[in-house]
Amino acid sequence: MPEQPLKTRVPTPFTFSQSSLQDYVDCARRFQLRYIEQLQWPAVETAPVLENERRQLEGQQFHRMAQQSLLGLPADKLAKMANTGNLSRWWQNFTNPDLTGLPGLAAKAGKNLSGLNLYPELTLSAPIGQHRLLAKYDLVALQNRTTAQPDNQATIYDWKTSLKRPKNEWMAARLQTKVYRALLAEAGKHLNGGAPIQPEQIEMVYWYTEFPSEPANFRYDNAQHKRDWDNLVKLVSEISAKQSYPMTDDEKKCAYCLYRSYCERGTRAGEGEETETELTDAEITLEQIQEIEF
Ligand code: SF4
């Protein structure tokens, strides 16, 4: 553990994200170490070259390649960055329109695609209580709004590089699913000619690099939006008022946690049984990449 006493209060204003909220829900101590103390991942204290952590690096690389493809870099040039077996397979899946269900998307991104506007690397934020809530999207695809089509579809895409495909019910409960859809409704009107994007227009799609023909799709509606936003406001308020951040009682959550050596919950990754949480801990999102780099 660090020698100085840990800080116990969230500064005001604080920028919350799906990652920080999910960390808090999974383990308040992890939230404290990562976001209040801003401790670096203690890689030197963990066993080297662990499979799970290597996959995180591959996930990070894949997200960079997808971003650059969507910004218009040629796919054949980017393919040279696929320097591992996993990355090569994921890239083939991503660039195969028959598998992504997004025909020609990677090749044509950056252009208006038959009435579809693509926003890769989109950041949206909105006030929440005394703080802000921020999301960094892999891609938002928005149909043009026309008189004939006022309820244009807005689709959020998120690339997942996890080893196994989680159940849809589990993904539906993740903070990412709640935060990403809610923020597009709350803060996306500038993408839509100044008209708020209604929850009913929004769909979120998780596309799995290992399971390219099995995406998870989540529609949205006004009732769900109200429930989600109210719960997010309550969660942010709870964290703001918090004065102590206990370690989780569920030690399975520690198995792949990068702070495990700080908590004396093991120095090697993956001790114990594999759980669904850990299946997705190996993948990494654009939001997490930017939080890490920042
Ligand atoms: S090792 Fe366990 S207790 Fe410590 S921060 Fe990670 S999840 Fe929480």
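The values are calculated or read from the model by the stated rules, or taken from the named source; none is laboratory data. Note that this is a predicted model, so its numbers are computed, not measured. Neighbour counts run over all protein chains shown; Cβ positions are idealised from the backbone, glycine included. The accessibility values were calculated without ligands, DNA or RNA, using every heavy atom of the protein model including side chains. Shrake-Rupley method; radii C 1.70, N 1.55, O 1.52, S 1.80 Å.
Within the range 22-54, the residues that satisfy the criterion of being loosely packed, with under 13 Cβ neighbours inside 10 Å and either within 10 Å of residue 258 (Cα to Cα) or modelled with pLDDT of 90 or more (or both) are 40, 43, 45.
Of everything in the range 142-159, what is open to solvent by 10 Å² or more (accessible area, probe 1.4 Å) and not small (Gly, Ala, Ser)? Give them in sequence order. Within the range 142-159, 143, 144, 145, 146, 147, 149, 150, 151, 153, 155, 157 meet the criteria. Cβ-Cβ under 7 Å, sequence separation 6+ or interchain: first residue in the range 72-91 and within 21 Å of residue 139 (Cα to Cα), partner of a type outside the set (A, V, I, L, M) and in a loop (DSSP other than H, G, I, E, B). Which pairs? From the range 72-91, the pairs are 72/110; 75/95; 90/161; 90/209.
Is it the case, given these coordinates, that residue 194 is at pLDDT 90 or above, within 21 Å of residue 14 (Cα to Cα) and open to solvent by 20 Å² or more (accessible area, probe 1.4 Å)? No, not satisfied. Restricting attention to the range 197-214, the residues being touching an Asp or Glu at 6+ places or on another chain (Cβ under 9 Å) and open to solvent by 50 Å² or more (accessible area, probe 1.4 Å) number 3.
A count restricted to the range 215-255 and to residues that are open to solvent by less than 50 Å² (accessible area, probe 1.4 Å) and either closer than 27 Å to residue 39 by Cβ or without any contact (Cβ under 8 Å) to a residue 12 or more places away in the chain (or both) stands at 10.
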